[in-house]
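The block underneath contains the structure these notes are about, expressed in structure tokens.
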Amino acid sequence: LSLLSLYRKMSRDVFIISYPCSGRTWLRLMIGRAFMLAEGLDTDRIWELHTMPMMKGGKRLPRVILGHDQEPFTKKPHEIAFDRRYFAGRKLIFLARDPRDLIVSWYFEQLKRGVRSGGVDYQTFHGPINDFVDLETGSIDTIIAFFNGWIEHHDGLSDFLLIRYEDLHHQPEAELHRCLEFCGYAGASEKIISAAVEFASFDNMRTMEQNGTLDWDTFQPGANDDERSFKTRQGQVGDHRTHLSPESCDRIDRKVRERLDSRFGYETPGGRIVV
């Protein structure tokens, strides 16, 4: 294990872990665009961060690998487990999102997108959203258990960085800079970071998805005439109240406040602003 850890440190691996619908595609495109502009990479597969160090001109780049860590959405809360040995020697970025909004976005992902959801194999849910939040598998309780497990097992370690969806909204340039700095990459200027943020703006991502600009199967709508089937569905903070009943909102809010680790900062909807 120690030899494996040493090898991974030398290879500059960085993992980005998240629950689905936490903004991973958004962050992925920002990082990819920054890498491309800074190193002058000639590729149209901007989302393949793990291959960029092997491209011509990419030798300075870290290898960034994205994952959901054992598909937590297929598990009940008590089935969520953690084995840090798998990540030994690797830097870890955990991308979090307010569970209140996350559960709504995940509902539409399953209902409207199916296999478009990154090739994930799951049983698509067809019932009403207020029933979805209380499912035994992949419910709000599963999300809370997944978040808590990660913060309890990794927070405070030098190779762990917490990034929140809401902070990416509030200060995208600063959060992208934090990510790149944590990855050990200093090749992106402020101008490049701003250009990467603009490239991955909601409006531009929606346009690229509508036009199939990226030629990426995952980054396509389930149906062109249904806005709720787009990967870039809303991109808003606090959107859960638009779709959930007041009773469901109150129940979820209570669970998040009482059970979710306070280090995430989601005591109130949208979370506290980190400056």
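List pairs: first in segment 168-189 and under 16 Å from M52 (Cα atoms) and in a loop (DSSP other than H, G, I, E, B), second among the aliphatic types (A, V, I, L, M) and open to solvent by less than 50 Å² (accessible area, probe 1.4 Å), Cβ under 7 Å, 6+ apart or cross-chain?
Partner pairs satisfying both residue conditions: C183/V14; C183/V64; Y185/L61; G187/A38; A188/A34; A188/A38; A188/L180.
Hey, does segment 253-270 have a residue that's at pLDDT below 80 and either loosely packed, with under 15 Cβ neighbours inside 10 Å or at positive phi (or both)?
Checked against the condition, which is being at pLDDT below 80 and either loosely packed, with under 15 Cβ neighbours inside 10 Å or at positive phi (or both), segment 253-270 yields at least one hit.
Taking interchain pairs and intrachain pairs at least six residues apart, which have beta carbon atoms under 9 angstrom, with the first residue in segment 39-54 and on the phi < 0 side of the Ramachandran plot and the second among the aromatic types (F, W, Y) and open to solvent by 20 Å² or more (accessible area, probe 1.4 Å)?
R45/W216; I46/F199; I46/W216; W47/W216
Let me confirm something: among I80, I65, I46, which residue is of a type in the set (V, I, T), in contact with a His (Cβ under 7 Å, 6 or more places away or on another chain) and open to solvent by less than 40 Å² (accessible area, probe 1.4 Å)?
Numbers: I80 fails: in contact with a His (Cβ under 7 Å, 6 or more places away or on another chain); I46 fails: in contact with a His (Cβ under 7 Å, 6 or more places away or on another chain).
After applying the criteria, what remains is I65.
Sort out which residues of segment 158-167 are buried (at least 19 other Cβ atoms within 10 Å of the Cβ) and not in a strand (DSSP E or B), and write them in order of number.
Listed by number, the residues that qualify are Y165, E166, D167.
Is segment 119-130 home to any residue that is at pLDDT below 75 and under 29 Å from F182 (Cβ atoms)?
Yes - at least one qualifying residue is present in segment 119-130.
When you go through (1) assigned to a helix (DSSP H, G or I); (2) open to solvent by less than 30 Å² (accessible area, probe 1.4 Å); (3) modelled with pLDDT under 80 one by one for P221, which number turns out not to apply?
The number of the failed condition is (1).
The values are calculated or read from the model by the stated rules, or taken from the named source; none is laboratory data. Owing to the predicted nature of the structure, the values given are computational and were not obtained by experimental measurement. Heads up, the Cβs are rebuilt from the backbone with ideal geometry, glycines too, and the neighbour counts pull from every protein chain shown. When the accessible area is computed, the model is the full protein with side chains, heavy atoms only, and any ligands, DNA or RNA have been set aside. Shrake-Rupley method; radii C 1.70, N 1.55, O 1.52, S 1.80 Å.
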